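Contents: one structure, followed by commentary.
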Amino acid sequence: MRSLSFARPILGVLLILTSALDGRPGAQTPTASCERLAARSLPDTTMVTAEAVTAGSFTPPGSTNAITGLPPFCRVAGVIAPTSESHILFEVWMPLEKWNGKFAGVGNGGWAGTISFGALGDQLRRGYATASTNTGHEAAPGLNMARFALEKPEQLIDFAYRSHHETAVRAKSLVQEFYGRPAERAYFVGCSSGGYEGLMAAQRFPSDYDGIVAGAPANNWTRLMAGDFDGVLAVLKDPASHLPPSALGLIHRAALAACDHDDGVVDGVIEDPRRCRFDPGTLVCAGDQLSPACLTKPQVEAARRVYRGLTDPKTGAQLYPGLAPGSEPFWPHRDRGNPFPIPLSHYKWLVFADPVWDWRSFDFRDGEDYAAHVKAEARLAPILNATSPDLGAFRQRGGKLLQYHGWNDQLISPQNSIDYYQSVLKFFASAAEVDRFYRLFMAPGMAHCSGGTGPNSFDMQAALEQWVERGTAPDQIVATRSTNGIVDRIRPLCKFPATAVYGGRGDTNDAVNFTCREPSR
């Protein structure tokens, strides 16, 4: 393709969006020494360390991999114990120079259990004072990820919502002490469990943050665990249903052949998979033939089940949406001996509380198994789910929420983000009112939080800063795709429900040849 000089207008937008990073108010510097913060008294908090880190790199505790390219900062670490079972680790990193006057909390992934050191480094390089928590427990491997919640039930509440709120309160206090004034703005940035944590903050603690970036949120936690578990069962419980990489590649190519052209551009990406009517049944082998060019009937049914998502075995009602056509190369259900552990751990420790429970014994279509699922959901959903559409308090105080989701997400159904957004629209009964504080962006071809075949690199946080600080609400976000480190595609991500439409002329890898249009009614 020709030089990316065609992208200069779009890159100019990026420069405008990131200009806030250069306008750091007064290049703030500390008014107190870092080491003195170790003696700071905060409720239910034990300070562990307060040290200046000036070497340009930091190696997290227990790791041998250094985080490099860091400006000098004050590192504060501590433990919060709001209950006798709680043990919430947190870290606050504050620039020793050129503080931008703002604070950012960062999210976690999966069942958490660790400080998000990499994300702390990212925010520090932006000039932010920033904080992370391990959400109140120590990470465990494999199917023991959720064991902590059975052994110490209060830690489940810490994981679900309490840890991030408690961390935000203490971090803001430390920031004020260190710089002699409070942060002018507070943001939260996270994806996956981090997106879930962001929505939980907006719903439960609307005063914690002025702006939230919630990517691919795991907010419908109990249903997500059920839906992901059903995907494991569909592909791995019966060896005949197994979909090896060769089968996934076959399904993917067929899905693209059926639907890639729907948006007017054949580019290996399905712009809006909801319009795709692909059926893997078209790939079924004739008779009893076994061939790499076709699928067996059990394989077809397994793929259909992954696309369909989990349904109520009695009523057929949708319990959790399935994965989208186009996402097949990223499906995680590959190894029967090592199935996707996040949902299985949920069922092992929270649904059945059985250390020897075998996931292969479960079937949602079995009456007793389904009853156990329903009973557990009734108990756990009020704690774990962040599905309330009532964002009224967050909106009332001027909060802004940007949510995004990749259409090729293999772990959290992209339809889940649309479902939540539409529940908020229904609650407020005015799309215009919601549009003033909450916008959703779907990313065609992007996998879970990053990667994938479509444009998957964008700066949602910079767009949020513009909205919160300058009142400039984003209608589109510029996204790029790189191959071997070279940007080779630039497209707009459009404010839902609009999609990027090719104008019919010019380079299809050039964003200026696309416009965002809402579907015709």
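Can you work out which of the residues in the stretch 385-403 that are among the basic types (Lys, Arg) and surrounded by 20 or more Cβ atoms within 10 Å (Cβ to Cβ) is farthest from the chain's Cα centre (by Cα)?
The extreme case among them is Arg395.
Of all strands (runs of 3 or more DSSP E) completely enclosed by the stretch 50-161, which ones contain at least 2 residues that are more than 30 Å from Asn220 (Cβ to Cβ)?
In the stretch 50-161, 73-80, 88-95 are the strands (runs of 3 or more DSSP E) which contain 2 or more residues that are more than 30 Å from Asn220 (Cβ to Cβ).
Could you check the stretch 285-299 and list, in sequence order, the residues that are more than 18 Å from Pro329 (Cβ to Cβ) and open to solvent by less than 60 Å² (accessible area, probe 1.4 Å)?
Residues of the stretch 285-299 more than 18 Å from Pro329 (Cβ to Cβ): 285-291, 294, 296-298.
Across the stretch 285-299, the qualifying residues are Cys285, Ser291, Cys294, Thr296, Pro298.
Considering the stretch 396-412 alone, what residues qualify as being within 19 Å of Pro343 (Cβ to Cβ) and out of contact with any strand residue (DSSP E or B) (no Cβ under 7 Å at 6 or more places or on another chain)?
Asp409, Gln410, Leu411, Ile412, listed by residue number.
Checking Ala226 against (1) in contact with a helix residue (DSSP H, G or I) (Cβ under 9 Å, 6 or more places away or on another chain); (2) farther than 30 Å from Gln466 by Cα; (3) surrounded by fewer than 22 Cβ atoms within 10 Å (Cβ to Cβ), which test does it fail?
All conditions pass for Ala226, except number (3).
Looking only at the stretch 506-518, how many residues end up being over 26 Å from the mean Cα position of the chain (by Cα) and of a type outside the set (S, T, N, Q)?
5
Would you point out the residue of the stretch 420-445, among those that are closer than 26 Å to Phe514 by Cβ and in a helix (DSSP H, G or I), that is most open to solvent (accessible area, probe 1.4 Å)?
Taking the stretch 420-445 and keeping what is closer than 26 Å to Phe514 by Cβ, we get 421-422, 425, 431-432, 434-436, 438-445.
Now restrict to residues that are in a helix (DSSP H, G or I): 421-422, 425, 431-432, 434-435.
Values: Tyr421: 14, Gln422: 85, Leu425: 46, Ala431: 68, Ala432: 60, Val434: 0, Asp435: 36 Å².
Within the stretch 420-445, the match that is most open to solvent (accessible area, probe 1.4 Å) is Gln422.
Name the pairs: first residue in the stretch 167-184 and over 20 Å from Ala39 (Cβ atoms), second residue of a type in the set (S, T, N, Q) and open to solvent by 60 Å² or more (accessible area, probe 1.4 Å), Cβ to Cβ under 7 Å, at least 6 apart or on different chains?
Once the first residue is over 20 Å from Ala39 (Cβ atoms) and sits in the stretch 167-184, its partners that are of a type in the set (S, T, N, Q) and open to solvent by 60 Å² or more (accessible area, probe 1.4 Å) give Pro182/Gln176.
Per-residue answers, yes or no, for (1) of a type in the set (Val, Ile, Thr); (2) within 15 Å of the chain's Cα centre (by Cα); (3) within 22 Å of Leu323 (Cβ to Cβ):
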{"site": "Gly190", "(1), (2), (3)": "no, yes, yes"}
{"site": "Met200", "(1), (2), (3)": "no, yes, no"}
{"site": "Arg204", "(1), (2), (3)": "no, no, no"}
{"site": "Tyr209", "(1), (2), (3)": "no, no, no"}
{"site": "Ala216", "(1), (2), (3)": "no, yes, yes"}
{"site": "Gly227", "(1), (2), (3)": "no, no, yes"}
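Here is a list: Glu301, Glu368. Which entry is of a type outside the set (A, V, I, L, M) and either part of a loop (DSSP other than H, G, I, E, B) or over 29 Å from Trp407 (Cα atoms) (or both)?
From the options Glu301, Glu368, the qualifying one is Glu368.
Would a scan of the stretch 156-164 turn up a residue that is over 21 Å from the mean Cα position of the chain (by Cα) and open to solvent by 10 Å² or more (accessible area, probe 1.4 Å)?
No, the stretch 156-164 has no match at all.
Please state which of the following conditions His333 fails to meet, knowing it meets all the rest: (1) out of contact with any His (no Cβ under 6 Å at 6 or more places or on another chain); (2) modelled with pLDDT of 95 or more; (3) open to solvent by less than 40 Å² (accessible area, probe 1.4 Å); (4) farther than 25 Å from Ala149 by Cα.
(2)
Looking only at the stretch 116-132, filter to residues that are touching a residue at least 60 places away in the same chain (Cβ under 8 Å) and closer than 12 Å to Phe188 by Cα; which one of those is farthest from the chain's Cα centre (by Cα)?
It comes out as Gln123.
Please pick out the residue among Val351, Val356 that is exposed (fewer than 14 other Cβ atoms within 10 Å of the Cβ) and either among the β-branched types (Val, Ile, Thr) or within 23 Å of the chain's Cα centre (by Cα) (or both).
Just a single option satisfies the conditions, and that option is Val356.
Here are the criteria: (1) open to solvent by 10 Å² or more (accessible area, probe 1.4 Å); (2) in contact with a Ser or Thr (Cβ under 9 Å, 6 or more places away or on another chain); (3) in a helix (DSSP H, G or I); (4) not basic (Lys, Arg). Tell me which single one Pro382 does not satisfy.
With respect to (1) open to solvent by 10 Å² or more (accessible area, probe 1.4 Å); (2) in contact with a Ser or Thr (Cβ under 9 Å, 6 or more places away or on another chain); (3) in a helix (DSSP H, G or I); (4) not basic (Lys, Arg), Pro382 is out only on (2).
State whether the residues of the stretch 175-186 include one that is assigned to a helix (DSSP H, G or I) and open to solvent by 30 Å² or more (accessible area, probe 1.4 Å). Quick ask: steps written out before the conclusion?
Filtering the stretch 175-186 for residues assigned to a helix (DSSP H, G or I) gives 175-179.
Of the ones still in play, those that are also open to solvent by 30 Å² or more (accessible area, probe 1.4 Å) are 176-177.
Checked the stretch 175-186: at least one residue is assigned to a helix (DSSP H, G or I) and open to solvent by 30 Å² or more (accessible area, probe 1.4 Å).
Among (1) under 30 Å from Ile270 (Cβ atoms); (2) in a loop (DSSP other than H, G, I, E, B); (3) open to solvent by 30 Å² or more (accessible area, probe 1.4 Å), where does Gly326 come up short?
Going through (1) under 30 Å from Ile270 (Cβ atoms); (2) in a loop (DSSP other than H, G, I, E, B); (3) open to solvent by 30 Å² or more (accessible area, probe 1.4 Å) one by one, Gly326 breaks only (3).
For the stretch 232-273, how many residues meet the condition of being closer than 18 Å to Pro519 by Cα, in contact (Cβ under 8 Å) with a residue 60 or more places away in the chain and open to solvent by 50 Å² or more (accessible area, probe 1.4 Å)?
Here the count works out to 1.
Could you grab me the full set of residues in the stretch 202-219 that are in a helix (DSSP H, G or I) and out of contact with any helix residue (DSSP H, G or I) (no Cβ under 6 Å at 6 or more places or on another chain)? I'd like the intermediate steps shown before the answer.
At the first step, the residues of the stretch 202-219 found to be in a helix (DSSP H, G or I) are 202-204.
Within the stretch 202-219, just Gln203 meets the criteria.
Being open to solvent by 20 Å² or more (accessible area, probe 1.4 Å) and within 28 Å of Cys494 (Cα to Cα) is the filter here; which residues of the stretch 274-284 pass it?
Matches in the stretch 274-284: Arg274, Arg275, Arg277, Phe278, Asp279.
The values are calculated or read from the model by the stated rules, or taken from the named source; none is laboratory data. Predicted, not measured: the structure shown is a model, and the values here were computed from it. Cβ coordinates were reconstructed from backbone atoms using ideal geometry, including for glycine residues, and neighbour counts include every protein chain displayed. All accessible areas refer to the heavy atoms of the entire protein, side chains included, with ligands and DNA or RNA removed. Shrake-Rupley method; radii C 1.70, N 1.55, O 1.52, S 1.80 Å.
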